[in-house]
Amino acid sequence: MRVYVPLTLPGLAEAYRTGEVGAGPLVAYAVTPALRDWYVSEDTEELEYAALGQAALASLRLLAADEGAPRRRVVVAVDVPDGRVSPGPERGADPAAPGEVGLAGAVPLAKVASVHVDSADAAADVAAAAGAVRAADGGDDDAQSLVDGAEDHELLWYATQEVPNLVGDGN
């Protein structure tokens, strides 16, 4: 099963330093029945893109909690056995719920399929969105427009071999 793990650049740097993503259990996003119902599509690529989008929104929430992190969303895509994935919480209309799953234990960095990161030119919009995401979650339409502004930026795809350059250790 492909899962998308939200991170920040400092979180990605830590994964690079330790050789594993998180200490587990991790929150991740995947194509789940709840995501299928929410997104209303049968196209696998569209559903995986929606799961990636949910992870990017979760990365934005991580940025809101870490004011010192560079204002770029980070998501790592990992293929894991189905047995390592547990259903996410039942949170009704919570915007974080569709596609949320739990991932038992840390994931070796070597198992990461790809890394998705905002370009540097998205930083201003991502910063504004990080400052507004809590209000947007509470229903504030003006704050939601700031979050939407960050979501207008596509995350760039990186191979795992490019992680050292992303985290500033690209000798």
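Where a number appears in this text, it was derived from the coordinates with a stated rule and is not lab data. These figures come from a predicted structure and were not determined experimentally. Neighbour counts run over all protein chains shown; Cβ positions are idealised from the backbone, glycine included.
Listed by number, the DSSP H helices of the chain that run 27 Å or longer by alpha-carbon position along their axis and have mean Kyte hydropathy of at least 0.0 are 44-65. Only the Cβ atoms of Lys and Arg (+1) and of Asp and Glu (-1) were treated as charged; on that basis the dipole of the chain about its Cα centre amounts to roughly 720 debye.
Here's how it looks for Asp118: its modeled amide H is under 5 Å from those of Arg73, Leu156, which are all 5 or more places away or on a different chain. Considering only the Cα atoms of the chain, their convex hull presents on average a projected area of 9.5 nm². Spatially, segment 110-171 and segment 65-85 are offset by 11 Å when compared through their Cα centroids. For Ala69, no residue has an amide H sitting under 5 Å from its own, ignoring neighbours fewer than 5 places away on the same chain, with H placed 1.01 Å from N. Estimated at 0.36 nm per residue, the fully extended path between Ser145 and Glu46 surpasses their Cα-Cα distance by 33.4 nm.
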